[in-house]
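Just below is one structure, and these are the notes that go with it.
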Amino acid sequence: MATAVRHRLLPVAVNHSFALNSARFNSSLSKFDRTKTYPNEKANGYQPIPLPDLFSIQGKTAICTGITGGLGKSLGLTLAEAGANIVSIQLPGDPELGALEKEVRSFGQKFHHFDCNIGDSVALRKCFTEIWTAGVAPDILLNCAGTNRHGPLETLTDEDINVVIDVNLKGSFVAAQEMAKQLLRNQRPGKIINIGSMTAYQAVWNTSTYAATKAGVVQFTKAFSNELAGRNIQVNCICPGYFTTPMTATLAQHQEYNDFILDRTPAGRWGDPSELRGALLFLASPASNFVTGSSVVVDGGMLGM
């Protein structure tokens, strides 16, 4: 009897929730002036982008977090090589700063850096204010800062959990939020590219906090895309599988873990960081102007198993 009652009440609850959310959605749409031509609209409809310009980011400005090492450095340098000026947000005293700046400038691009602990949201918001005050006009955000605390779930301390959440999830969320706010203020189109992980879909042992944060990144990517698509701001995510980086070096040296990865990856190998370049350029360029809220998984086929 109790089950039958619940079944009778469920449509009422669902309808009430739907009506409430619809009202909020319509309210938000009312703020979007349909009499005005926004950057992604043409009077006579969509105009195809010439093929030579489809993947071009020449002259764009990319704000990047976490690009002084690992996958982040490869991705940041990809944007520079493709013609974007780079604004790097990194930890104070990062020893890799000099090398990063040298490589960016070797491509003929401008380079600026701002020091900040991504895991401190108050400091991060202040950092973005400093960036805007310096006159940076952003086009692309590459949200690449990340960290991990490997270990069995029963051994993780509050500090372990907080560090990973503060950097991977809250830091990425705040950076994307601050970027979106500036684009909206200036009525500029833009690209927000978050870095998730295939562990958002398929977690493995000793990565519980990391997997949880990356799943959160995938979900807020979708949520942000819903609110920003009508303002010509695309928000997408790249979810790498297992790539050879300094962070994964110890895993690759662990025979049992390495065998597990290779057995579960149809490509039969670890990925090279350069193999993320194509996905990044697609999401950073006009080629992805109608792609938003998506997660591009680059994992050698692991999730297809």
**Request:** Quick one: dipole size for segment 54-304, taken about the Cα centre, charges +1 on Lys/Arg Cβ and -1 on Asp/Glu Cβ, in debye to the nearest 20.
**Result:** 1020
**Item:** Translational diffusion coefficient (Stokes-Einstein; Kirkwood radius from C-alpha pairs) of segment 48-120 at 25 °C, 0.890 mPa s, in µm²/s
**Value:** 194
**Asked** Principal axis lengths of segment 81-161 from Cα atoms, whole Å, largest first?
**Response** 49, 26, 23
**Item:** Neighbour-count order for Tyr242, Tyr210, fewest beta carbons within 10 angstrom listed first
**Value:** Tyr210, Tyr242
**Asked** What spacing in nm lies between the two simple spin-label points modelled at Ser106 and Glu81, each 7 Å away from Cα in the Cβ direction?
**Response** 1.0
**Message:** Just to confirm the filter: which chymotrypsin sites (Phe, Trp or Tyr not before Pro) across segment 136-208 are DSSP coil and have at most 16 other Cβ within 10 angstrom of their Cβ?
**Reply:** Trp205
**Asked** Of Leu91, Pro266, Ala180, which is farthest on the positive side of the dipole of the chain, counting Cα position, with +1 on Lys and Arg Cβ, -1 on Asp and Glu Cβ, and the Cα centre as origin?
**Response** Ala180
**Fill in**
Candidates Gln253, Gln202, Gln58; GNM for the chain (alpha-carbon contacts under 10 Å) flags as most fluctuating Gln253
**Message:** Can you compute the FRET efficiency between Ala223 and Arg125 using 1/(1 + (r/R0)^6), with r the Cβ-Cβ distance and R0 = 22 Å? Round to the nearest 0.05.
**Reply:** 0.70
**Request:** Excluding residues fewer than 8 places away in the same chain, name every one of the aspartates and glutamates whose C-alpha is closer than 14 Å to that of Lys181.
**Result:** Asp139, Glu227
**Request:** Output the Cα-based Rg and Dmax of segment 50-200 in Å, rounding Rg to one decimal and Dmax to a whole number.
**Result:** 15.9, 55
**Item:** segment 55-167, relative contact order [Cα under 8 Å, separation at least 6], %
**Value:** 30
**Message:** When the expected Rg is taken as 2.2 N^0.38 Å, what fraction or multiple of it is the alpha-carbon Rg of segment 182-305?
**Reply:** 1.17
**Message:** Test of understanding: given the chain, find the longest segment containing no trypsin sites (Lys or Arg not before Pro) that are in a DSSP loop and have at most 15 other Cβ atoms within 10 Å.
**Reply:** 111-268
**Request:** Place +1 on the Cβ of every Lys and Arg and -1 on the Cβ of every Asp and Glu in the chain, take the dipole about the Cα centre, and give the residue among Asn194, Leu51, Gly304 whose Cα lies farthest towards its positive end.
**Result:** Leu51
**Request:** Specify the residue with the greatest mean-square fluctuation among Asn117, Asn194, Asn186, computed from a Gaussian network of the chain linking alpha-carbon atoms under 10 Å apart.
**Result:** Asn186
**Request:** Among Gln109, Cys237, Ile165, flag the residue with its Cα farthest along the positive direction of the charge dipole of segment 108-254, charges on Cβ as +1 for Lys/Arg and -1 for Asp/Glu.
**Result:** Gln109
**Asked** So what is the calculated 222 nm ellipticity per residue for the chain, using -39500 (n - 2.57) for each DSSP H run with n of 4 or more, over all residues, to the nearest 500 deg cm²/dmol?
**Response** -13500 deg cm²/dmol
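Read-outs: derived from the displayed coordinates by stated rules, not from any lab. Because the structure is predicted, anything quoted here is derived from the model rather than measured. Cβ atoms come from the backbone with ideal geometry, glycine included; neighbour counts cover every protein chain shown.
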